[in-house]
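These notes are about the structure you will find just below.
Values in this text are rule-based calculations from the coordinates and carry no lab data. These numbers come from a predicted model, not from an experiment. All Cβ positions, even for glycine, are placed from backbone atoms using ideal geometry, and neighbour counts span all protein chains on display.
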Amino acid sequence: MWHVEGAFQMYWMPAGLITILSLPILSLAGHPISDSRCRRVFIIMARFVNEKNTVYNVERDAPSSTYGSGKPTVDLSHHFSELSKARINSPLKDIFKYMDVPGIIGMAGGLPHPDYFPFDSLSAQALVPDAFSIESSASNLSSESSGMFNWLWQLFGSSVPTKTMVVPKYDADPAAMQLSSALQYTSALGQPLLVDFVNNFMHSVYKPARKDASVMLHAGNTDAFTKALGVLCNPGELLITEEWAYTSALSAARPYGVKPVGIPMDGQGMRADALEEVLANWDEKTRGAARPHVMYTVPIGQNPTGTTMGVERRKAIYEICVKYDANRTLAVDRTLAVERLYYFLQVGVYQDPKHRVSRKTQDADDDQVFLDSLVPSYIHFDYQGRVVRLDTFSKVIAPGCRLGWYTASPLFLERLERATETSTQAPSGFSQALVTQLLTKQWKYKGYIRWLRGIRAQYTIRRDTMVDAIRVAFDLQEEYGDSAFGKMLGASEPGSGDAVRVFVARSKNQHLTNEQKKAVLLSYVAPTAGMFIWFKVHLYNHPLFNAHAPAPTTPAETLEYKLWEDLSLGGILMCPGWVFGTSPDAMLTSSALPDVAGMVEAAEKSGPEHQQYRTLSEGGRFGYLRISYSNPTAETLKEGLARFARVLDKHFFGA
């Protein structure tokens, strides 16, 4: 008996097979073979071995996935949709996996020759990792010198915090990033250098509970979520979401015939008690569908509400999923598709200007302090391998990259790979080349962490600037969650672990009556992550509100529609809350945004309004608006909030 030893495994094989392995194989590729590809080569060759003469059978005993050797604590394969179960390995992709075997002559596929790629190199001026201060001082807000002025300053300024990076077509190091491979047909997993960086980053920063958690690149979270839906959901099934959910996710689910089941929220996002109640009391006949087995959630910087879920809440929700897994007579188990656009935009608790202290400049050695300040990910608690996490570079590098990654167990990643290799095939080679060079050669791990710290400081300033502007535009008071203001405002007791501060806004207009000045116009919870503030508009204080009015059948019959119309005509564009709704009433207008130009013409022709209205939310009492602080300058934010206050005065009081 002979043995062949590799870095990945030891196999005992008959001497006859060694003659096959030792045949001279000629290669035109010249790339080193990876451990995973070595394993596949040995699997193919081991098929020629009689099992009786083999102590260790490769096909039978080797790990079934290239992502990791761990096995899920429970079998979660029943989550796969019928479409996903029907997918097989792409025959061409299987063949191409052997292109990098040393010495092999590649004649299998129609790969264009790299000499004919018109791009000889790819270069960029990239900001250095410490381009942005990590102090959350308003004077450090980058957007104050934006647009043309900033471009001129960079053109003629004495110091520009950038460095040149270049990706050549060919590199003497076959393992280096080069356009000849980045722009070629490639694996659905992504470029190996970037996959390795992201995988190491994920394990270092997120600290997953399972060692076999691994990554796979994708073409941005929108496409990634759509693929995850196809892998996990059959047409007609239901999807658990927060009661207010990202509208693009809802739109992606609709063509699959997958409808949302919104779970009530509070100041920390999805409520664990509400989730338990929905699952425990599920009636298939009443609901018209089986109990849902997939949950879509954005627990940090939730879009649209801006809420961030605490550790104890997160553990409770995870254990509810585990509980219903164990009780199979009552329910199927749940898997979680978790979207993480805003993980590194955790901006902390808002403090008013009088008590605000700028974060002290931290030394480079404090990177771990920054990482420890972040709320742990679901995968940190995912001991059963049921979480599929979606990360993206959109919010921390650029959305046009269309690049991100899945983190999941080998079971789910293998099905996602099958779905990818016959659709998008892989993320853009240009994006992968630039981001790989940026992260692995220019910034590296510590530089990327420093960049993330600077980005977080910038969005902290923007959040503070927005909330400060609201304070100037309205008569603002701080309160704690109270049922009188609705369920989005958190617990009612300040001492409760779930309690959140609620900002309640009234008009500052001195020409109003005392009663009008007392009327609450809106309330909100200052976000602790993300890019948005979620306004709850108290439309029951509107003179045309009538709780007993007929239920609306068209968008024009709702008070929130009329408010959105007034705001647009008043020169301020906000996102109407109804597009994020998961309840039947809120979804009435989810696909019917009004035409602004048509509204102007209609407003000019309309006369006095005497119709009585109700709203779509919470018994017809409230409306919602989502506003973003991510892009405007400080002055634009202030002007936008001043316009908002004027429109609300006119809308509510005719003032």
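Using a basic spin-label model with each label point 7 Å from the Cα along Cα→Cβ, how many nm lie between Thr554 and Gln351?
Result for the modelled spin labels: 5.3 nm.
Let me check the size of region 235-277 from its C-alpha atoms; what are the radius of gyration and Dmax in Å?
Every Cα atom of region 235-277 included, Rg and Dmax give 11.1, 32 Å.
If the cut-off is 29 Å between C-alpha atoms, which lysines fall inside it for Lys227, apart from same-chain ones fewer than 8 positions away?
Cα-Cα hits under 29 Å: Lys71, Lys85, Lys93, Lys97, Lys207, Lys211, Lys259, Lys315, Lys323, Lys395.
Stokes-Einstein at 25 °C, 0.890 mPa s, Kirkwood radius from Cα pairs: D for region 165-257 in µm² s⁻¹?
Using the Kirkwood radius from Cα pairs, D works out to 149 µm²/s.
Could you order peptides 289-295, 366-372 by the average number of other Cβ atoms within 10 Å of their residues, highest first?
Listed from highest to lowest mean packing, they are 289-295, 366-372.
Using a cut-off of 15 Å between beta-carbons, work out the net charge of the residues near Ala419 (Lys and Arg +1, Asp and Glu -1, Ala419 not included).
+1
When the label point is put 7 Å from the Cα of Asp75 along its Cα-to-beta-carbon vector, which residues of region 376-417 have a backbone N closer than 19 Å?
Answer for region 376-417: 384-387, 409-415.
Taking the highest mean first, how do the peptides 427-435, 102-110, 309-317 order by number of other beta carbon atoms within 10 angstrom per residue?
So the order, starting with the most tightly packed, is 427-435, 309-317, 102-110.
How far, in nm, would the chain grow between Ala398 and Ala642 when pulled straight, counting 0.36 nm per residue and subtracting the alpha carbon separation?
Extra length available between Ala398 and Ala642 comes to 84.8 nm.
Which of the lysines could a cross-linker span from Lys650 if the Cα-Cα distance has to be under 26 Å and same-chain partners fewer than 8 positions apart are dropped?
Lys508, Lys517, Lys518, Lys536, Lys562, Lys605, Lys638
Under 20 Å from the Cα of Lys169, which lysines turn up, not counting those fewer than eight places away in the same chain?
Cα-Cα hits under 20 Å: Lys441.
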